[in-house]
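The values are calculated or read from the model by the stated rules, or taken from the named source; none is laboratory data. Nothing here was measured: the structure is a model prediction, and the numbers come from that model. Heads up, the Cβs are rebuilt from the backbone with ideal geometry, glycines too, and the neighbour counts pull from every protein chain shown. Just so you know, the surface numbers come from the protein's heavy atoms only, side chains and all, with ligands and any DNA or RNA stripped out. Shrake-Rupley method; radii C 1.70, N 1.55, O 1.52, S 1.80 Å.
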Amino acid sequence: VPAVPVLFKQALENTDMEEGKSVSLRCELSKADATVVWKKGEATLQASAKYEMKQKGTVAELVIHNAEPEDA
């Protein structure tokens, strides 16, 4: 039996941010607890004081703290 692929039920949307504030990006997947990797261009983001990754069920969220223009 082939594995069922994980699909986006709700894709990321462009979000306006205010410099120095936190911004949250979220998407919804078709399968709960699927592995999510957040990237900026080709670079994989790692959890840090700046980047907070959360996942609950089918919803994956990236919070960028102290947002800067370079985070666009």
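I'm checking my understanding of the structure. Among residues of the range 1-14 that are within 24 Å of Asp71 (Cα to Cα) and not in a loop (DSSP other than H, G, I, E, B), which one is least open to solvent (accessible area, probe 1.4 Å)?
Applying the first criterion (within 24 Å of Asp71 (Cα to Cα)) to the range 1-14 yields 8, 10-14.
After this cut, where a residue has to be not in a loop (DSSP other than H, G, I, E, B) as well, the list is 8, 10.
On the way: Phe8: 140, Gln10: 80 Å².
Checked the range 1-14; the qualifying residue least open to solvent (accessible area, probe 1.4 Å) is Gln10.
Could you grab me the full set of residues in the range 15-50 that are of a type in the set (Ser, Thr, Tyr) and either out of contact with any Leu (no Cβ under 9 Å at 6 or more places or on another chain) or not in a loop (DSSP other than H, G, I, E, B) (or both)?
To start, the set of residues in the range 15-50 that are of a type in the set (Ser, Thr, Tyr) comprises 15, 22, 24, 30, 35, 44, 48.
Selection gives Ser22, Ser24, Thr35, Thr44, Ser48.
Output the number of the condition that Met53 fails; it satisfies all remaining conditions of (1) open to solvent by less than 80 Å² (accessible area, probe 1.4 Å); (2) modelled with pLDDT under 95; (3) in a strand (DSSP E or B).
So the condition that Met53 fails would be (2).
Residues in the range 15-39 that are open to solvent by 100 Å² or more (accessible area, probe 1.4 Å) and over 12 Å from the mean Cα position of the chain (by Cα): how many? Even if it seems obvious, please write down each step before you answer.
Keep residues of the range 15-39 that are open to solvent by 100 Å² or more (accessible area, probe 1.4 Å), which gives 16, 18-19, 21, 26, 31, 33, 35, 39.
Still in the running and over 12 Å from the mean Cα position of the chain (by Cα): 16, 18-19, 21, 31, 33.
Within the range 15-39, residues that are open to solvent by 100 Å² or more (accessible area, probe 1.4 Å) and over 12 Å from the mean Cα position of the chain (by Cα) number 6.
Among all residue pairs at least 6 apart or on different chains, which show Cβ distances below 8 Å where the first residue, located in the range 47-65, is over 10 Å from Ala32 (Cβ atoms) and the second is hydroxyl-bearing (Ser, Thr, Tyr) and in a loop (DSSP other than H, G, I, E, B)?
As it stands, the answer is Val63/Ser22; Ile64/Ser22; His65/Ser22, since those pairs meet every condition given.
Which one is nearest to Val6 (Cα to Cα) among residues in the range 56-72 that are open to solvent by 40 Å² or more (accessible area, probe 1.4 Å) and part of a strand (DSSP E or B)?
Taking the candidates together, the pick is Val59.
Considering only residues that are modelled with pLDDT of 95 or more and closer than 24 Å to Pro5 by Cβ, which ones fall in the range 40-50?
Within the range 40-50, Thr44, Leu45 qualify.
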